[in-house]
Amino acid sequence: MIVFISSSARPRYVDDIIRMLALPQGGQMQFRYSANWLTDDLRRRVPGAQLADEYGLVCFVAPDTAAAPYELIPIRFVRVIRAEQVGTSYIITLAADAYASGVTDAALRGAVPADDRKRLPSAAKAADELYCLEAAFNPRPHKRFDHRAFEATAEQLSKQPTFNTDETAFFAVRQISKIDGWSWFGTFASPSAIERGAFKLRTGNRYECQVYCLRLFEHDRGEDGVRPPLKTLYLVAEGNDDSIQFASTKRSAIDSRYDVKRYVFAVELEAMRRVSGIRLFLSVAGDADELARQDVPLQMVFGGSIAIAFFKMLFIGVATAGPGMTAAGLAGKLTAGVAVAMIAIGMLAGVAAVFPAFRKP
């Protein structure tokens, strides 16, 4: 198993931890490591896709200001989708898998080879520290696909100074499911599947994205025994393009410790397949540009309808050829050849209207 370590050295590294927790199972994100942060063996296995489908565990290393400095905190199990070298960096694409439960710092360190264990992040701050290495660790007993493990991990992170702030919240995409109009016992919607990192959906349907939110930070009580109010945080959903239309609010205030936010969206019925998605991110109230670092992209592939394509071509063909055939018939010039030619021209107009690739540039 490969251990992928992120730290608090830069804000983006911290955000990667929140993003990894937020991803739905099968969702993908990239980790970047300098060449000297990987073991020699892992660098040799990058060419030829030798790391493909390897199992791993993402961890956060506690800063030196923590109660237990340099403790390895397990975040989530992952699978390696792609690994490539770009300049002096190694870009590794990971697919989120089960949450981690019951993994201790001692167990992880004990599973790392002795020579590599000496190079784990520490107070020495050695130049050859390792952030991507292998460990002989059995993940099977520690895999959890329920959100109790998500809660436990968020609570463990919230004890760290890095995440114990007024602007920190944790969230996890629970599911995306089709809305069928029924809501009663036994009518729970089935989650949509993820294939190669993207949700498989259909145009013309309404979908609901459910996001489980945790905001664990609390101010200390003042002299009057009252806690000061928290800064307002919003979880925002934005479409990648105008094809995605929201039927619900796109901004939801995270105004409780535990909550489930719901975002309803749809894409109009179309003949062609459409690739799009939505982006979830945290925003502080008052931010004019609503830029936030903890952004989670949810890629989506909306399947089209062959039936809609056929009937659209047929209607356009009839509408195009009909008037010409009627005029030719009234003029007494409608023959079988003329009728076939007009129908062919009408169908070509229908094909060009349905399939943009056939139009003239």
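The values are calculated or read from the model by the stated rules, or taken from the named source; none is laboratory data. These numbers were taken from a predicted model, which means no experiment stands behind them. When we count neighbours, we look across all protein chains shown, and the Cβ atoms used for this are built from the backbone with ideal geometry, even at glycine. Keep in mind that these areas ignore ligands, DNA and RNA; they rest on the heavy atoms of the full protein, side chains included. Shrake-Rupley method; radii C 1.70, N 1.55, O 1.52, S 1.80 Å.
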Query raised in the report: Are any residues in the stretch 99-124 farther than 30 Å from PHE170 by Cα, basic (Lys, Arg) and part of a helix (DSSP H, G or I), and if so, which ones?
Result: ARG117
**Report entry** Verdict on ALA127 being assigned to a loop (DSSP other than H, G, I, E, B) and of a type in the set (Gly, Ala, Ser)
**Finding:** yes
**Report entry** Failed item in (1) touching a residue at least 60 places away in the same chain (Cβ under 8 Å); (2) in a loop (DSSP other than H, G, I, E, B); (3) open to solvent by 20 Å² or more (accessible area, probe 1.4 Å); (4) not aromatic (Phe, Trp, Tyr), with ASN36 passing the rest
**Finding:** (2)
**Report entry** Qualifying positions in the stretch 45-102 - under 17 Å from PHE163 (Cα atoms), open to solvent by 10 Å² or more (accessible area, probe 1.4 Å) and of a type in the set (Phe, Trp, Tyr)
**Finding:** TYR70
Query raised in the report: Just a yes or no: is a residue in the stretch 196-215 within 18 Å of ASP255 (Cα to Cα) and more than 17 Å from the chain's Cα centre (by Cα)?
Result: yes
Query raised in the report: Can you tell me which residue in the stretch 218-262 is most open to solvent (accessible area, probe 1.4 Å), limited to those that are hydrophobic (A, V, I, L, M, F, W, C) and in contact with a Gly (Cβ under 9 Å, 6 or more places away or on another chain)?
Result: PHE246
Report summary line: Of (1) assigned to a strand (DSSP E or B); (2) without any contact (Cβ under 8 Å) to a residue 40 or more places away in the chain; (3) more than 23 Å from ASP15 (Cα to Cα), ASP242 fails just (1)
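Here is a check on your reading of the model: is THR162 assigned to a loop (DSSP other than H, G, I, E, B), β-branched (Val, Ile, Thr) and either within 18 Å of LEU282 (Cβ to Cβ) or within 19 Å of the chain's Cα centre (by Cα) (or both)? Break it down stepwise before answering.
Numbers: assigned to a loop (DSSP other than H, G, I, E, B): yes; β-branched (Val, Ile, Thr): yes; either within 18 Å of LEU282 (Cβ to Cβ) or within 19 Å of the chain's Cα centre (by Cα) (or both): yes.
Answer is yes for this residue.
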Report task. Mind listing whichever residues of the stretch 65-82 are modelled with pLDDT of 95 or more and among the hydrophobic types (A, V, I, L, M, F, W, C)? Result -> LEU72, ILE73, ILE75, PHE77, VAL78, VAL80, ILE81
**Report entry** Top-ranked residue in the stretch 245-256 [being of a type in the set (S, T, N, Q) and not in a loop (DSSP other than H, G, I, E, B); ranked as farthest from MET300 (Cα to Cα)]
**Finding:** SER252
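Suppose we filter the stretch 173-217 for residues that are outside any strand (DSSP E or B) and either open to solvent by 70 Å² or more (accessible area, probe 1.4 Å) or without any contact (Cβ under 8 Å) to a residue 24 or more places away in the chain (or both); how many remain?
Number satisfying all stated conditions: 14.
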Report summary line: Cβ pairs under 7 Å, 6+ apart or interchain, first in the stretch 10-25 and within 18 Å of LEU214 (Cβ to Cβ) and in a helix (DSSP H, G or I), second among the charged types (D, E, K, R) and at pLDDT 95 or above, ordered by first then second residue, are MET20/ARG76; LEU21/ARG76
Report summary line: For the stretch 123-143 the number of residues that are surrounded by 14 or more Cβ atoms within 10 Å (Cβ to Cβ) and more than 24 Å from GLU155 (Cβ to Cβ) is 7
Query - Residue list for the stretch 263-275, filter: touching a strand residue (DSSP E or B) at 6+ places or on another chain (Cβ under 8 Å), open to solvent by 80 Å² or more (accessible area, probe 1.4 Å) and not β-branched (Val, Ile, Thr) - result: GLU268, ARG273
